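Colleague: I'd like to ask some things about the structure below.
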Amino acid sequence: MSEGATTTRDTVPAPTSGGNGGKVGLMAGPVGRNLGLVIALAILCIVGVITAGDRFADIDNVLTILRLASVIGVVSIGMTFVIIGGGIDLSVGALVALSSVWATTLATQQIAEDTHWIVMVVTALLVGAGAGLINGVVIAYGKLVAFIATLAMLAAARGLAEIISNRRTQIVQDREFLDFFAGDVLGIPTLVIIFALVAVAGWVLLNRTTFGRRTFAVGGNAEAARLAGIRVQRHTVKLYVLSGVACGIAAVMLMARTTTGSSTHGTLYELDAIAAVVIGGTLLLGGRGTIVGTVVGVLIFTTLNNVFTLNNLSSSAQAVAKGVIIVLAVLLQMRLATGEGRVRNTKSLVGGSGSAPGGPGGPSGGGSATPGAPAGARPGGSGDLPT
Amino acid sequence: MTAPLLEMQGIVKQFPGVRALDGVDLDVRPGEVHCLLGQNGAGKSTLIKVLAGAHQPDEGHITWQGERISLGDPQAAMTLGIATIYQELDLVAGLTVAENIFLGREHSRFGLTRPAAANRAAAELLGRLGHPEIRSTAEVGGLSAASQQMVSIARALSQDAKLIIMDEPSAVLDNEEVERLFGVIRDLTAHDVAVVYISHRLEEIRQIGDRITVLKDGRTVSTGLPARDTPTREVITLMTGRTIEYVFPPRRTRPHTDEAPLLDVQGLALRGRFSNVSFAVRPGEVVGLAGLVGSGRSEILETIYGARKATAGTVHLAGRRLRSGDVGAVVAAGIGLAPEERKSQALLLDDSVYRNITISSLGRFARGGFLSGGAEKAAARAQTESLDVRPADVTRIVRTLSGGNQQKVVLARWLLRDCKVLLLDEPTRGVDVGARSEIYALIRDLADRGVAVVVVSSEIPEVLGLADRVLVVADGAVVAEAGADELDEHRVLDLVMEGTAAHAAGPVGTQSEGDVA
């Protein structure tokens with residue numbers, strides 16, 4: 001016991017990661033991460049201009065892209081919350097279908113005609129919220145895995161939509177409804193404005209409210225959140241309700257765009273939304289993510305579709321490109337994260353600063369050498385402390 | 001004296017924030033059972049991982065059969081003949097016994113997969129272990145914990161292991177199974193296989209062990225003690241005692257008998273863990289729970305906190321009864337918990353310091369649900385300054401802080417909430433020895449501000465130094481209660497051992513009896 005004689009020391013423990021190494025700029029982080037995405041989008045646009053010229057750069061075309069992005073965009077905002085909160089919602093596409101069908105039944109449209117078209121909107125939102133509530137309760141209190149619970153909802157909701165609509169496409173009769181949602185304000189389509197409003201509201205909710213903060217906490221470490229006094233189950237329910245409401249909004253937008261309600265609406269939206277959220281930099285495990293990333297992710301996919309369509313390339317080719325982009329984007333993100341960690345570790349030895357250059361190997365293409373790392377990048381290689 | 005099979009010298013392993021190993025020496029001879037003792041967090045798991053090649057030591061060297069080696073990865077350790085049987089058995093549940101035993105080496109041994117030969121070889125190994133009843137074609141997922149352990153040992157044997165590390169193998173076994181495991185171990189050592197045996201149960205170590213190495217705070221405090229005749233007291237003292245003298249802050253001079261209790265626990269019980277626990281804590285008082293691992297002390301805290309639902313009994317805070325099993329209500333009422341597993345149970349590791357501090361008081365910084373980031377940071381900064389969290393930057397990511405500073409962040413969270421009662425589970429676990437006195441001073445300071453504090457610690461001197469009053473917990477029951485100045489380390493040890501012995505003699509469960517540390 002050679003240490004036995006040592007007297008009490010009140011010293012600071014030897015610093016392990018010195019300098020500013022541990023400080024990942026909270027301001028710089030999300031911007032830095034999204035910068036890569038914005039550059040990817042810019043590259044896509046340049047490709048669009050080069051290959052399709054004026055047809056791409058046309059203001060109408062841009063509005064078309066935005067209009068197409070708006071429906072899936074709203075769904076993706078809801079999905080972002082669920083995923084940051086540590087869950088997943090596979091039922092979004094089916095909920096869009098169910099909401100659109102329920103809001104366009106003869107009965108609903110009759111009531112709407114007698115009173116106001118807002119009835120249809122409220123119906124869609126309530127259906128989405130209700131289904132989301134079921135999702136949330138089954139997951140939070142029934143302890144079902146989110147993947148399974150929402151997969152079940154996917155099947156059930158679309159089935160119910162088929163039953164209600166009798167597999168027929170239901171035409172929206174209300175002119176005022178269509179005029180309102182299919183119109184534009186100062187040249188900007190209403191749908192795009194709705195998407196923008198939802199995105200802004202989502203950003204505020206995520207970054208400026210207790211709800212958003214708790215979402216990060218629940219997704220980042222559910223046990224710690226619980227022991228910190230957060231009612232994790234209740235919060236989980238709220239997240240799925242939120243996603244359901246987003247689906248309801250998307251359903252209304254889709255009803256306006258297509259002038260129909262149908263059980264085939266929103267097919268495969270769940271995959272598009274998850275893809276947009278994930279390439280937007282949201283951690284699929286939860287605890288980290290941004291609204292801006294999701295919005296740019298949605299725009300990337302929609303622009304890609306547009307560029308391909310303008311060049312008369314098949315939708316099959318689009319699908320392939322989409323797959324490649326998902327893999328590249330996520331690989332790049334991981335590179336940037338671990339690269340930052342590695343740089344940080346070596347720098348810390350000499351007490352360097354935290355603002356590290358981009359990952360090693362000079363990432364190419366859409367990624368670019370992005371300064372600033374994703375917030376809270378894990379140090380590469382070194383694991384948690386075992387106890 | 002035989003040459004050592006394995007020698008480790010001055011092993012140091014540093015993790016972000018803490019030195020998990022700080023100079024560990026260990027030597028293992030062929031054919032011996034070498035027991036590794038130490039409290040949770042003493043560094044046993046890290047040491048095992050270094051030996052298994054899963055962690056690379058930062059300093060020190062390892063000698064294997066006289067040659068200096070480095071274990072770059074688990075494969076390297078396996079090739080040398082070091083096999084590890086982890087507490088969480090690493091078997092594939094869906095495969096058969098034989099498939100598990102020869103996992104990853106099917107082809108090299110048998111050319112093309114030849115299930116019949118594999119089964120035969122597996123049966124032979126299991127027979128050699130005295131467990132022919134385990135069918136080599138059985139699916140591992142359907143086996144008992146004891147049988148699964150045998151499969152793991154058979155796997156180690158099939159790799160011609162010369163050293164088998166067993167991490168608390170008895171934790172999942174009943175008495176009879178432990179006896180059979182010992183039979184196997186004796187057989188192994190007779191064939192010159194060495195075993196590093198980790199257990200909390202001292203009587204097992206007496207039964208099976210040859211020599212003991214005791215770890216504490218990441219250091220070897222004693223090595224090569226004879227397992228059979230080192231007095232129990234000496235062993236426990238080595239584990240629970242202090243290698244360094246700490247200065248504990250002075251207590252408030254007057255006892256607080258005049259004030260009404262802030263926290264009042266009556267007849268609290270949790271089935272299978274503890275029963276009939278009653279005590280009261282007054283404002284400004286620090287009550288310590290002393291006891292060994294598995295005695296139920298942590299569970300008592302967690303039940304008070306509502307993280308577990310009590311099967312009986314009540315908890316009152318300032319005269320108001322708290323609903324059992326509802327953390328949210330308990331926190332709202334003004335109780336805070338600094339849990340034992342700080343990283344997994346308390347902290348959002350990848351989030352910033354200030355967000356970790358404000359997470360339990362978000363309502364205060366919100367108007368209509370909207371947060372004011374500036375007010376949050378300012379409030380968090382006020383806390384970190386008063387607690388001297390270093391570095392003084394509230395936007396820093398918590399993962400990068402040292403253990404002591406992480407603990408301060410947890411305490412700051414509850415200070416910000418103006419908690420009336422603080423429950424601290426192993427408050428200095430994973431805290432560098434140098435920073436512990438700071439935590440002690442902090443706890444005393446909180447009490448002086450009128451907070452009622454309950455401290456659980458496996459280090460008896462810590463409880464005695466910190467608390468005003470001590471409850472000794474043994475085997476799920478409070479066996480003694482006294483002022484801290486009426487007790488000393490020996491007396492507490494006696495009480496712990498008496499209490500444990502008294503219960504062990506009875507028909508009580510076998511899981512926790514005789515645990516040390």
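Please treat every number below as a calculation from the coordinates, not as lab data. What you see is a predicted model; the values in this text were computed from it and never measured. Because the Cβ atoms are built from the backbone with ideal geometry, glycine has one as well, and the counts that use them run over all protein chains shown.
Colleague: Given a Förster radius of 45 Å and the C-beta distance between A:ASP114 and A:VAL204 as r, what FRET efficiency does 1/(1 + (r/R0)^6) yield to the nearest 0.05?
Modeller: Efficiency, rounded to the nearest 0.05: 0.80.
Colleague: Still on this structure: Would you calculate, for chain B, the mean residue ellipticity at 222 nm contributed by helices, counting each DSSP H stretch of 4 or more residues as -39,500 (n - 2.57) and dividing by all residues, to the nearest 500?
Modeller: So the calculated ellipticity at 222 nm is -10000 deg cm²/dmol.
Colleague: Could you work out the local net charge near B:GLY130, counting Lys and Arg as +1, Asp and Glu as -1, over the other residues with Cβ closer than 14 Å to its Cβ?
Modeller: Result for the neighbourhood of B:GLY130: -3.
Colleague: Also: Sort A:HIS265, B:HIS316 so that the residue with the fewest other Cβ atoms within 10 Å of its own Cβ comes first and the one with the most comes last.
Modeller: The order, fewest Cβ neighbours first, is B:HIS316, A:HIS265.
Colleague: Considering Cα pairs under 8 angstrom that are at least six residues apart, work out the relative contact order of chain B and quote it in whole percent.
Modeller: 16 percent
Colleague: Mind checking the mean number of beta-carbon atoms from other chains within 10 Å of the Cβ atoms in B:394-402?
Modeller: Counting Cβ atoms of other protein chains within 10 Å of each residue's Cβ and averaging gives 6.
Colleague: Angle between the Cα long axis of helix B:145-158 and the longest principal axis of chain B, 0 to 90 degrees, nearest 10?
Modeller: Relative to chain B, helix B:145-158 is tipped by roughly 50 degrees.
Colleague: Here is a further query. Mind checking the dipole of chain B: about its Cα centre, +1 per Lys or Arg Cβ, -1 per Asp or Glu Cβ, Debye to the nearest 20?
Modeller: 1520 debye
Colleague: Which of rounded, prolate, oblate describes segment A:127-259, given a ≥ b ≥ c as roots of the alpha-carbon gyration tensor eigenvalues and a/c under 1.5 marking rounded, otherwise prolate only if a/b is larger than b/c?
Modeller: Because a/c hits 1.5 or more and a/b fails to exceed b/c, segment A:127-259 counts as oblate.
Colleague: Moving to a separate point now. I'd like the distance between the alpha-carbon centres of segment A:179-215 and segment A:104-165, rounded to an integer number of Å.
Modeller: Answer, in whole Å: 21.
Colleague: Quick check for chain B: number of Lys pairs with alpha-carbon distance under 13 Å, counting only pairs 8 or more apart or on different chains?
Modeller: So the count of such lysine pairs works out to 4.
Colleague: Could you tally the net charge around B:ALA366, taking each other residue with its Cβ under 12 Å from the Cβ of B:ALA366, Lys/Arg +1 and Asp/Glu -1?
Modeller: +4
Colleague: Identify the chymotrypsin sites (Phe, Trp or Tyr not before Pro) of segment B:312-391 meeting these criteria: DSSP loop state and at most 12 other C-beta atoms within 10 Å of the C-beta.
Modeller: Here no chymotrypsin sites (Phe, Trp or Tyr not before Pro) fit, given the DSSP loop and packing criteria.
Colleague: Per residue of B:369-378, what is the mean number of Cβ atoms on other protein chains within 10 angstrom of that residue's Cβ?
Modeller: The shielding value for this peptide is 3.
Colleague: Here's a follow-up. Pairs of alpha-carbon atoms within less than 8 angstrom and 6+ residues apart define the contacts here; what relative contact order does segment B:165-205 have, in percent?
Modeller: Normalised by residue count, the contact order of segment B:165-205 is 62 percent.
Colleague: Also, I was wondering about something else. Placing unit charges on C-beta atoms (Lys and Arg positive, Asp and Glu negative, everything else neutral), compute the dipole magnitude of the protein assembly as shown about its Cα centre in debye, rounded to 20.
Modeller: 2160 debye
Colleague: Return B:TYR305, B:TYR197 ranked ascending by Cβ neighbour count within 10 Å, so the fewest neighbours appear first.
Modeller: Ascending number of Cβ neighbours within 10 Å: B:TYR305, B:TYR197.
Colleague: Sticking with this one: For peptide A:218-225, compute the average count of partner chain beta-carbon atoms within 10 Å of each residue's beta-carbon.
Modeller: Whole-number average of other-chain Cβ neighbours for A:218-225 is 5.
Colleague: A further question follows. So, by mean Cβ neighbours within 10 angstrom, what's the order for B:213-220, A:220-227, B:448-455 with the highest one leading?
Modeller: B:213-220, A:220-227, B:448-455
Colleague: Now, a different point. Once a ≥ b ≥ c are taken as the square roots of the eigenvalues of the Cα gyration tensor of segment B:262-359, is the result rounded (a/c under 1.5), prolate (a/b larger than b/c) or oblate (a/b not larger than b/c)?
Modeller: prolate
Colleague: Normalised radius of gyration for the protein assembly as shown, please: alpha carbon Rg relative to 2.2 N^0.38 Å, two decimal places.
Modeller: 1.07
Colleague: Test of understanding: ordering A:TYR269, A:TYR240 by Cβ neighbours within 10 Å, fewest first, what list do you get?
Modeller: Sorted ascending by nearby Cβ count, the order is A:TYR269, A:TYR240.
Colleague: In whole Hz and in residue order, list the ³J(HN,Hα) couplings for segment A:73-83 that follow from phi through the Karplus curve 6.51 cos²θ - 1.76 cosθ + 1.60, θ = phi - 60°; x for Gly and Pro.
Modeller: x, 5, 4, 5, 4, x, 4, 4, 4, 4, 6
Colleague: Follow-up. Using modelled backbone amide H atoms (1.01 Å from N, in-plane), which distant-in-sequence or interchain residues come within less than 5 Å of B:GLY306's amide H?
Modeller: Placed amide hydrogens put B:GLY325 under 5 Å from B:GLY306.
Colleague: Applying the Karplus parametrisation 6.51 cos²θ - 1.76 cosθ + 1.60 with θ = phi - 60° to the phi angles of segment B:127-139, what ³J(HN,Hα) value in whole Hz is obtained for each residue in order, glycine and proline being reported as x?
Modeller: Going residue by residue, I get x, 4, 7, x, 10, x, 6, 7, 6, 6, 9, 6, 6 Hz, with x marking Gly and Pro.
Colleague: Could you sort A:308-315, B:178-185 so that the peptide with the highest average Cβ count within 10 Å comes first and the rest follow in order?
Modeller: B:178-185, A:308-315
Colleague: Go through B:221-229, A:197-205 and give me the packing order, highest mean Cβ count within 10 Å leading.
Modeller: Top to bottom by mean Cβ count within 10 Å: A:197-205, B:221-229.
Colleague: Additional query: Got the relative contact order for segment B:398-470 handy, in percent, Cα pairs under 8 Å and 6 or more residues apart?
Modeller: 34 percent
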